[in-house]
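The values are calculated or read from the model by the stated rules, or taken from the named source; none is laboratory data. These numbers were taken from a predicted model, which means no experiment stands behind them. Because the Cβ atoms are built from the backbone with ideal geometry, glycine has one as well, and the counts that use them run over all protein chains shown. Surface accessibility is based on the protein's heavy atoms, side chains included, excluding ligands, DNA and RNA. Shrake-Rupley method; radii C 1.70, N 1.55, O 1.52, S 1.80 Å.
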Amino acid sequence: MKGNEAIAHAAIRYGVDGYFGYPITPQSEILETLMAEMPWEKTGMVVLQAESEVAAINMVYGGAGTGKRVMTSSSSPGVSLKQEGISYMAGAELPCLVVNVMRGGPGLGTIQPSQADYFQTVKGGGHGDYRLITLAPSSVQEMADFVGLGFELAFKYRNPAIILADGIIGQMMEKVVLPPFHPRRTEEEVVAQCPWAAQGKVGRERNVITSLELDPARMEENNLRFQAKYRKIEENEVRYEEFQCADADYLLVAFGSSARICQKVVEVARQEGIKLGLLRPITLWPFPKEAIAGYADKVKGMLSVELNAGQMVEDVRLAVNGRTRVEHFGRLGGIVFTPDEVLNALKEKLF
């Protein structure tokens, strides 16, 4: 099935309570598959096409405020419209799952694949000092798997999580093993697991869900608590994958569909006698900066390969801190590079 379809089926099977979204290419199959599967008849899951992206993210805010597992999905321009709500949820410390199947921009751009929303996602696309737990799938299987992982991390840290995919991963078809069915939590389980949520319970102090705090001293306390939480996430939740890195003289760093192409680049390069390896960040935030830094004194150079003008390369350079050369290669406008193009760029930029 398509990566988008895998997201939808996984959401039903993981016992998600509600999905609120709006169609936009190349992620529309998520909403379409959910509507076709009619999970409200099977699990009671709510599926609603909102009147806009802004409405959808605020519906997610409301559902998350009651402790429910709720999610939304969109593609680049639509996610831009959701940024205010995402920032509100980060400020209110609400768990949710957002899916962005990226397309080329800026503006309305193209419906072709891109990875140009990296800055928006890992640097905080909305206002304020906040972070999103960011998972970058490179297969249809990971599209399915990261639904469960995304919710697990979101609730563990009471923070929005995002699956940052691209048009290739959303539209490509592969075999996938779907998770077993998990029943939706009962109201009693939600109350027990989310004592912070607003659930209309009497006999206890009211839970107020808000990101608003007009007292600057208390707002600073809130922000310091957020930053302490983010440091904890950075300590415990970094995920990455290494491919033939042990003896590498040069290192590719790539995520998502770019990493799939780069695996082939490594194979071709080694056939030519070039010892090339690949490090694939799975969590774009928290970023595997220590893992990348560990190769700085071992390789002659690194090439950050992205479907954009050069975004993740900045984090690679920060991790390396000048100890080895770091260059960028990418294509723009929805054009996908070939393995030969990447290998030629490696030779031109680092040899």
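What nm distance separates the two modelled labels at Arg231 and Leu318, each placed 7 Å from Cα along Cα→Cβ?
1.6 nm
Please list, in order along region 293-310, the HN-Hα scalar couplings obtained from phi with the Karplus expression 6.51 cos²θ - 1.76 cosθ + 1.60 (θ = phi - 60°), rounded to whole Hz, x for Gly and Pro.
The phi angles translate into 4, x, 8, 4, 9, 10, 10, 7, x, 10, 10, 8, 10, 9, 8, 6, 8, x Hz.
Counting other C-beta atoms within 10 Å, and keeping those with at most 16, which DSSP coil GluC sites (Glu not before Pro) do you find in region 139-182?
Numbers: sites: Glu142, Glu152, Glu174; in loops: Glu174.
The qualifying sites are Glu174.
Okay, helix-only estimate at 222 nm for the chain: each DSSP H run of n ≥ 4 adds -39500 (n - 2.57), divide by all residues, round to 500 deg cm²/dmol; what do you get?
Working: 15 runs with 152 residues, N = 351.
One gets -13000 deg cm²/dmol as the mean residue ellipticity at 222 nm.
If R₀ is 22 angstrom, what is the calculated FRET efficiency for the pair Glu174 and Ile111, using the beta carbon separation as r and rounding to 0.05?
On the way: r = 21 Å, r/R0 = 0.94.
Efficiency for this residue pair is about 0.60.
Would you grab the residues whose amide H sits under 5 Å from the one on Met172? Only those 5+ places off in sequence or on another chain, please, with H modelled 1.01 Å from N.
Close amide H contacts, sequence-distant or interchain: Gly3.
Between region 82-112 and region 253-286, how far is it from one alpha carbon centroid to the other, in angstrom?
When both Cα centres are located, 27 Å separates them.
So how many Lys-Lys pairs in region 220-341 land under 29 Å Cα to Cα, not counting same-chain pairs under 8 apart?
Pairs that pass both the separation and distance tests number 12.
Tally Lys/Arg at +1 and Asp/Glu at -1 over every other residue whose Cβ is under 12 Å from the Cβ of Glu187; what's the total? Provide the component values of the computation, followed by the final result.
Numbers: positive: Lys68, Arg184, Arg185, Lys201; negative: Asp17, Glu188, Glu189.
Charge balance in the 12 Å sphere: +1.
Starting from the amide H of Ser304, placed 1.01 Å from N in the peptide plane, find each other amide H under 5 Å away whose residue is 5 or more places distant or on another chain.
Distant-sequence amide H within range of Ser304: Val253, Glu327, His328, Phe329.
Of all trypsin sites (Lys or Arg not before Pro) in region 140-184, which ones are in loop regions per DSSP and have a Cβ with at most 12 other Cβ atoms within 10 Å?
On the way: sites: Lys156, Arg158, Lys175, Arg184; in loops: Arg158, Lys175, Arg184.
Passing both the DSSP loop test and the Cβ count: Lys175.
For region 26-79 and region 9-24, what is the centre-to-centre distance using only Cα atoms, to the nearest Å?
6 Å
Below 13 Å, Cα to Cα, which aspartates and glutamates can Lys2 reach? Residues fewer than 8 away in the same chain don't count.
Excluding near neighbours in sequence, the set is Glu29, Glu32, Glu142, Asp166, Glu174.
Using a basic spin-label model with each label point 7 Å from the Cα along Cα→Cβ, how many nm lie between Thr25 and Val336?
If labels sit at Thr25 and Val336, their model points lie 1.6 nm apart.
Apply the a/c threshold of 1.5 to the C-alpha gyration tensor of region 206-351 and tell me whether it is rounded, prolate or oblate. Before the final figure, lay out the partial values.
Numbers: a/c = 2.78, a/b = 2.22, b/c = 1.25.
Judged from the Cα gyration tensor, region 206-351 comes out prolate (a/c at least 1.5, a/b above b/c).
Using 1/(1 + (r/R0)^6) with R0 = 56 angstrom and r between the beta carbons of Gln141 and Met219, what's the FRET efficiency to the nearest 0.05? If you can, show how the numbers build up before the last one.
Values: r = 42 Å, r/R0 = 0.75.
So the FRET efficiency works out to roughly 0.85.
Label Glu205 and Asp249 with points 7 Å out from Cα along Cα→Cβ: what is the distance between them in nm?
Result for the modelled spin labels: 6.4 nm.
Candidates [x] 31, 55, 14, 0; [y] 32, 62, 6; [z] 27, 54, 18, 0; which is the computed P(r) over Cα pairs in 20 Å bins from 0, in percent?
[x]
Of Trp285, Trp40, which has the most accessible area with a 1.4 Å probe, and how do the rest follow in descending order? Before the final figure, lay out the partial values.
Values: Trp285 10, Trp40 100 Å².
Heavy-atom accessible area, descending, gives Trp40, Trp285.
Measuring from centroid to centroid over Cα atoms, what is the spacing of region 193-220 and region 292-351 in Å?
Each part's Cα centre sits 45 Å from the other's.
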